[in-house]
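The values are calculated or read from the model by the stated rules, or taken from the named source; none is laboratory data. A quick note: this is a predicted structure, and the numbers were derived from the prediction, not measured. Here the Cβ is made from the backbone with ideal geometry for all residues, glycine too, and neighbour counts use every protein chain on show.
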Amino acid sequence: MGRTLRSPGHLALMAALKNARLAANLTQTELAHRLDRPQSFVAKYEKGERKIEVVEFVHVVRAIGCNAVDVLEAVQHAEFAA
């Protein structure tokens, strides 16, 4: 499995969450407000400076209003394509 930070799967997760946020027409600040977190929380996981835990992932996708399965399928596809 190797390291997860900056792996193909992690890069896919970063991109999928950012794309979902943008598709929902949310800024990082707006999403952070929904999560009751600082804007830097969103910026750091989108830039890959921080990992996102499973429970945090659930909160993020709910706050965005996107489908968690779609996000995970993008990660799975990238991880096994590499």
Looking at this structure, is residue 6 of a type outside the set (Ser, Thr, Tyr), in a loop (DSSP other than H, G, I, E, B) and either at pLDDT below 95 or under 10 Å from the mean Cα position of the chain (by Cα) (or both)?
yes
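Output the residue which, of all residues in the stretch 47-70 that are among the basic types (Lys, Arg) and touching a residue at least 24 places away in the same chain (Cβ under 8 Å), is farthest from residue 28 (Cα to Cα).
Our first condition is that a residue be among the basic types (Lys, Arg); within the stretch 47-70, this holds for 47, 50-51, 62.
From what is left, the residues that are touching a residue at least 24 places away in the same chain (Cβ under 8 Å) are 47, 51.
Details: 47: 12, 51: 16 Å.
Checked the stretch 47-70; the qualifying residue farthest from residue 28 (Cα to Cα) is 51.
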Candidates 26, 13, 22, filtered to the one that is of a type outside the set (D, E, K, R), assigned to a helix (DSSP H, G or I) and buried (at least 16 other Cβ atoms within 10 Å of the Cβ)
13
